[in-house]
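The values are calculated or read from the model by the stated rules, or taken from the named source; none is laboratory data. All figures in this text were calculated on a predicted structure; none of them were measured in a lab. Note: ideal-geometry Cβ built from the backbone for every residue, glycine included; neighbour counts use all protein chains shown.
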Amino acid sequence: MKNFIGKTIVTGLSVLVASFFLSGVTVHNPITALWVAIVLGLLNNFIKPLLVLLTIPITVFTFGLFLLFINVLIVKWTSQIVSGFWVRDWWSALLFSFIVSMVTSMLNAFKTK
């Protein structure tokens with residue numbers, strides 16, 4: 001449970017950082033960022049593996065680039081689920097997923113030291 005809370009807080013901070021740098025992403029407040037982190041975590045843990053499994057042929061055909069589409073889809077679904085979180089377009093969602101991944105990785109590196 002402690003690990004889940006720590007990951008959620010780190011992802012929430014990453015969401016705030018990404019929304020600061022991207023004009024196409026809006027997060028109303030830090031509580032909304034935490035909700036975004038929770039929903040992203042749930043979708044990434046339960047829905048994304050199913051999507052990846054179902055789309056193996058197209059993922060292989062596109063040399064893995066289809067996984068980017070799945071990431072964007074997860075972010076767009078999160079923006080529809082969480083009130084106060086808005087993503088303007090697919091490019092903003094793609095950049096958002098890149099920034100959240102990078103910032104989360106950096107924060108986790110600091111957390112483990």
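Below, the figures for the structure above:
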| item | result |
| --- | --- |
| Counted residues, region 53-100 - those being in contact (Cβ under 8 Å) with a residue 12 or more places away in the chain and either within 18 Å of L13 (Cα to Cα) or in a helix (DSSP H, G or I) (or both) | 29 |
| Residue count, region 17-38 (criterion: touching a strand residue (DSSP E or B) at 6+ places or on another chain (Cβ under 9 Å), outside any helix (DSSP H, G or I) and not aliphatic (A, V, I, L, M)) | 3 |
| Selection from region 18-29 of residues that are surrounded by 13 or more Cβ atoms within 10 Å (Cβ to Cβ), closer than 17 Å to T8 by Cβ and over 11 Å from the mean Cα position of the chain (by Cα) | S19, V27 |
| Failed condition for K111, given (1) under 13 Å from the mean Cα position of the chain (by Cα); (2) modelled with pLDDT under 95; (3) among the charged types (D, E, K, R) | (1) |
| From G12, G41, residue being in contact (Cβ under 8 Å) with a residue 24 or more places away in the chain, surrounded by fewer than 18 Cβ atoms within 10 Å (Cβ to Cβ) and part of a helix (DSSP H, G or I) | G41 |
| Options V25, V82, V36: the member that is more than 24 Å from N3 (Cα to Cα) and not polar (S, T, N, Q) | V25 |
